[in-house]
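Scroll down for the structure; my scribbles are underneath it.
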Amino acid sequence: MEKASKSFLEAFLNYLQETPPSPIIMEGEDFKEAKFYEKLKKELVVVELTKEKPWEKKQRLFSWIEALCKKEGKTIARDVLETLYDACDKSLSFLYQETEKLLLYTGSEKTITRAHLQALCSLEGETNPWSLAEAIVWQDSKPLWQKGVQEAIDSSNFYAMLGQLRYHYQLGLQLQESFCQKFSVEETLKTFPQLQPKLVQKAYECLGKLPSNYFSKACILLTEYEILSKSTSRPLESLWINLLGRLQSFATHVK
């Protein structure tokens, strides 16, 4: 008010005398729609306190991700938070999806580091284990599926890949229920708000081509192979190739 002209202040005081006290403090759209607001915004700088500031949103999302990690007994490095936030374009659903991947991928490890982020999340469009698991489950990318066959599998990544496959197959079971009930993509997203629209759209396209018992049989098979891997001397790489062959058979031949 210090820089307002004398004539404006006189007019403003006259206006206040004619205005009941109650409308002076207003919230949200009620304030913007009032004549009071129209008169002031021409002469003064109006600070909108009803909207979240960019820096407040960033800190809120950081706190939210940290809380998700803490719930699972983990911590997440600050540089990982920064990279996730920038790469996900501040999208809540994408942040949730990428954080969920990291929590699953890190298993018993207590700290999520940049190395985990680079190994897993598709932030730059590169091929990573999560993308391979998606291609294997949804059978929608032959080049990626073939890359999965060629992947070097050993004790360091076999069980992580099983976990990622299990996640996608269980998700497929859930989305299949919505698909069979003829829910639209938009309706399904209301049930699964953490998922990206393009993922649900892709799932719906694939569900129309895959056998109805594909996902349930695949979930059972993953458990069988996990047990087998711990009770046989057979190389994990051999088990992996055999597992992929059976999964593809389920996807293409089982009716």
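The values are calculated or read from the model by the stated rules, or taken from the named source; none is laboratory data. Just so we're clear, the structure is a prediction, and the values are computed from it rather than from any experiment. Virtual Cβ from ideal backbone geometry, glycine too; neighbours counted across all protein chains shown.
Which residue out of F215, F192, F179 is among the hydrophobic types (A, V, I, L, M, F, W, C), buried (at least 17 other Cβ atoms within 10 Å of the Cβ) and over 23 Å from N242 (Cβ atoms)? Being among the hydrophobic types (A, V, I, L, M, F, W, C), buried (at least 17 other Cβ atoms within 10 Å of the Cβ) and over 23 Å from N242 (Cβ atoms) holds for just one of F215, F192, F179, which is F179. Filtered by the rule that a residue be of a type outside the set (D, E) and modelled with pLDDT of 90 or more, the stretch 186-197 gives a lone residue, T188.
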